[in-house]
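What follows is one structure encoded as structure tokens, with my remarks underneath.
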Amino acid sequence: MTAKSIQSRSASYRLLAEVLQNDIGLEDASSELQDDRDVVLHCVRRSPLAIVHASARLRGDKEIILAAEEARANLFQNDY
């Protein structure tokens, strides 16, 4: 792991901590947060409709799309 990737990961974790601590949804998040993969994955797993507030780049990310679909399916399963 390079120093640059460690710094990038560290910044990503700080952004995720901001989302968790302040209970920020993607609709209220900065464009930087809306384009952060870890933050978007967390938000989409918590609320699948959050995907509409993700950056265009991440709305097309296969893992994020699958996470949103799984979260949506789980919402319906918990109703029965």
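Could you give the accessible area per residue of region 23-80, probe 1.4 Å, as a whole number in Å²?
In whole numbers, region 23-80 has 64 Å² accessible per residue.
Report the relative contact order of region 34-79, percent, no decimals, based on alpha-carbon pairs under 8 angstrom and at least 6 residues apart.
Result for region 34-79 is 39 percent.
The values are calculated or read from the model by the stated rules, or taken from the named source; none is laboratory data. Keep in mind that this is a model prediction, so the values were computed, not measured. When the accessible area is computed, the model is the full protein with side chains, heavy atoms only, and any ligands, DNA or RNA have been set aside. Shrake-Rupley method; radii C 1.70, N 1.55, O 1.52, S 1.80 Å.
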